[in-house]
Amino acid sequence: MKTRHLIACLTSILLLSTQNIKADEITIEAKNTDISENLELTAVANLFGQVKNLEEFEQRLNDSENQLSNLDLNNDGEVDYLRVVEEVENNLHIIIIQAVLAQDIYQDVATILVEKETKTKTTSVQVIGDPYIYGENYIIEPVYIYTPVIYDYFWVAYYHPWYSPYYWGYYPPYYHHHHCIYAHLYRQHIYEYNRHHHCSYRYAHSPRPAYREVRPAISRRDYAKANPTQSFSARQTNPQIQNKRSLQMANRSTAQSVRTARPAVTNTRTGRTTSNVTSSRSASNSTARVSSQRTTDTRAKAASTTQRSTSTATRTSVSTSSSRNSMPRTSVSRSATTTTRGTSGVRTSSSSRSNGSSYRSASSNSSRSSSSGRSASSSSSSRSSSSSSRSSNTRR
């Protein structure tokens, strides 16, 4: 019973210490991500440098195994199919990626400008995010280590622009509908993808002039017209955030300020208030260390107390067994009643009973009483014989 009470007390102490430790910890939760985070244009530019034509580009862009897109504009829980359409004018290729959202409803997501300089014969690429999703002038210029194979495909004599034949309800046989994944998993996947394929990029401040001249011919913004309140500018509360790049910089600045400044926290056990000097990361690490140390100390105390109680119980059982083994056996010695029959009468020596605390004392008392009975019997017998002989002499 004592052991059970001791275990219950230790359990309550552990629960109280855990609650106090949790009161000292600070949890920082990430905010909801913007829809522009669901299609990373750096990965799109990386993929563009790997394919040999635009048909392959559209196929790998919608491949569920690559998971380069996590975009769901119509909020049906599945990743939107992205079709690719192209417009060509002289040495300029304008490639538009459009999300297929419903019957005859499309939305421009990004535009790829591929232009070849006449004099230098060099090719430049710009990946421009649509302002409705990414904000104004979100432009990425990839820097490829090797010349992409698709450049040779663009500059052939009889080139036919690619215009995707797929639409809502009619998809290629390789395409499979798949659900969206969590934003942090998508970011981690894109990070590993870009690191594996070794593509660098830089940001540009403005698109090329041909972007505004040729683009409206094949552009589709049906979803933006139907949902103007969902545009990038309408989604932002800070007017200084103009596009996805400024949004990322603001998020990094906010995260850095949270790491460098820890809010004042009052310790519920000691009543002391910790100022915002240390970073939240070091604070959480120190809290984890203190928690681990406290838990270790408490477990050590519990183990020590349990060992003590076990040792006490063992000692008690050993002492009880010893007392039982050392308890004297009570022996009752009964001396036989010796009856002497003589001429003058019968004398009986009373039975002697002796209770000793030990077996030896009882046996010695028994022997003494037996010897005394025997001597008394002999004395009585001799006296009767003497009196008998005297009486016979008198008669004579």
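The values are calculated or read from the model by the stated rules, or taken from the named source; none is laboratory data. Computed from a predicted structure; not experimentally measured. Cβ: placed from backbone, ideal geometry, glycine included. Neighbour counts: every protein chain shown. These area figures cover heavy atoms from the full protein model, side chains too; ligands, DNA and RNA do not enter into them. Shrake-Rupley method; radii C 1.70, N 1.55, O 1.52, S 1.80 Å.
Gln256 - would you say it is farther than 25 Å from Glu89 by Cα, loosely packed, with under 11 Cβ neighbours inside 10 Å and either touching a His at 6+ places or on another chain (Cβ under 9 Å) or free of Cβ contacts under 8 Å to residues at least 40 places away in the same chain (or both)?
Details: farther than 25 Å from Glu89 by Cα: yes; loosely packed, with under 11 Cβ neighbours inside 10 Å: no; either touching a His at 6+ places or on another chain (Cβ under 9 Å) or free of Cβ contacts under 8 Å to residues at least 40 places away in the same chain (or both): yes.
So Gln256 does not fit the description; no.
Considering each of Tyr203, Tyr223 in turn, give the residue that is open to solvent by less than 100 Å² (accessible area, probe 1.4 Å), in contact with a Lys or Arg (Cβ under 7 Å, 6 or more places away or on another chain), within 22 Å of Ile94 (Cβ to Cβ) and modelled with pLDDT of 90 or more.
Working: Tyr223 fails: in contact with a Lys or Arg (Cβ under 7 Å, 6 or more places away or on another chain).
Within the list Tyr203, Tyr223, the selection yields Tyr203.
Given the residues Tyr191, Tyr223, Tyr211, Tyr174, which is the only one that is aromatic (Phe, Trp, Tyr) and in a loop (DSSP other than H, G, I, E, B)? Don't jump to the end; show me each part of the working.
Working: Tyr191 fails: in a loop (DSSP other than H, G, I, E, B); Tyr223 fails: in a loop (DSSP other than H, G, I, E, B); Tyr211 fails: in a loop (DSSP other than H, G, I, E, B).
So the residue among Tyr191, Tyr223, Tyr211, Tyr174 that is aromatic (Phe, Trp, Tyr) and in a loop (DSSP other than H, G, I, E, B) is Tyr174.
What about Val44, is it part of a strand (DSSP E or B), within 20 Å of Tyr144 (Cβ to Cβ) and open to solvent by less than 40 Å² (accessible area, probe 1.4 Å)?
Working: part of a strand (DSSP E or B): no; within 20 Å of Tyr144 (Cβ to Cβ): yes; open to solvent by less than 40 Å² (accessible area, probe 1.4 Å): yes.
When the stated conditions are applied, Val44 does not pass them.
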